[in-house]
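Peer 1: Got a structure for you, written out below as structure tokens; questions coming shortly.
All of the numbers you see were taken from the coordinates with simple rules; none came from a lab. Worth saying up front: this structure is predicted, and the values here are computed from it rather than measured. Glycine also receives a Cβ, built like all others from the backbone with ideal geometry; neighbour counts cover every protein chain displayed.
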Amino acid sequence: MGGPVLGVGPGVLALAVLWAAALLLCLALARAPGPARLAVVLVPLGAALLSAALLLFPREGERPAPPGAAQIVDTFFIGRYVLLAILILVFLGSLFLILVYHIAEPVYAKPLRPS
């Protein structure tokens, strides 16, 4: 694999591209007419699931390290899961706002006779 780009590794770049594409798709679907507009709910869900899979994907081989080899310690383990928890909370908050402002929007009846 290649080295770091802009000071970050390929995994961070993959997540950034994934969420940028999800944002653009959400913006495009928000302007879609009819029931296709509701598909905007599935895009962040799919991006969150793919992000979780990428975060939990094993980064080392199946074989154990030989004795005496340097042990790599993940110092950002807790921070990564805090960020994942924040991502989940923002996603749930967004779903609630979509429910309140778009799906549960009242439809007012038209008068039977013009006044």
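Peer 1: In nanometres, what is the gap between the two model label sites at HIS102 and ALA21, each 7 Å from Cα along Cα-to-Cβ?
Peer 2: Placing both labels 7 Å beyond Cα along the Cβ direction yields 2.0 nm.
Peer 1: For a protection proxy built on the mean count of beta-carbon atoms within 10 angstrom, sort 81-93, 11-23 highest first, please.
Peer 2: Working: 81-93: 12.0, 11-23: 13.6.
Per-residue Cβ counts within 10 Å, averaged per peptide and sorted highest first, yield 11-23, 81-93.
Peer 1: Still on this structure, please answer the following. Quick check: convex hull of the Cα atoms in segment 23-115, volume per residue, rounded to a whole Å³?
Peer 2: On the way: hull volume 11.8 nm³, N = 93.
Once divided by residue count, the hull of segment 23-115 is 127 Å³.
Peer 1: Here is a further query. Efficiency by 1/(1 + (r/R0)^6): what FRET value for LEU50 and LEU84, r their Cβ-Cβ distance, R0 = 22 Å, to the nearest 0.05? All intermediate terms of the calculation are to be shown ahead of the outcome.
Peer 2: Working: r = 13 Å, r/R0 = 0.57.
That gives a FRET efficiency of 0.95.
Peer 1: Related question: Going by how many other beta carbons lie within 10 Å of each one, how would you line up ARG80, ARG31, ARG37, fewest first?
Peer 2: ARG31, ARG80, ARG37
Peer 1: Now a separate question. Normalising by the residue count of the chain, find the relative contact order in percent from Cα pairs under 8 Å and 6+ residues apart.
Peer 2: Details: 30 pairs, mean separation 21.3, N = 115.
Averaging sequence separation for qualifying contacts and normalising by length gives 19 percent for the chain.
Peer 1: Which whole-Hz couplings ³J(HN,Hα) result when phi for each residue of segment 85-92 is put into the Karplus expression 6.51 cos²θ - 1.76 cosθ + 1.60, θ = phi - 60°, listed in order with x for Gly and Pro?
Peer 2: So the J values, rounded to whole Hz, are 5, 5, 4, 5, 5, 5, 4, 5.
Peer 1: Further question: Find the centroid of the Cα atoms in segment 67-115 and in segment 24-42, then give the distance between the two in whole Å.
Peer 2: Cα centres, segment 67-115 to segment 24-42: 16 Å.
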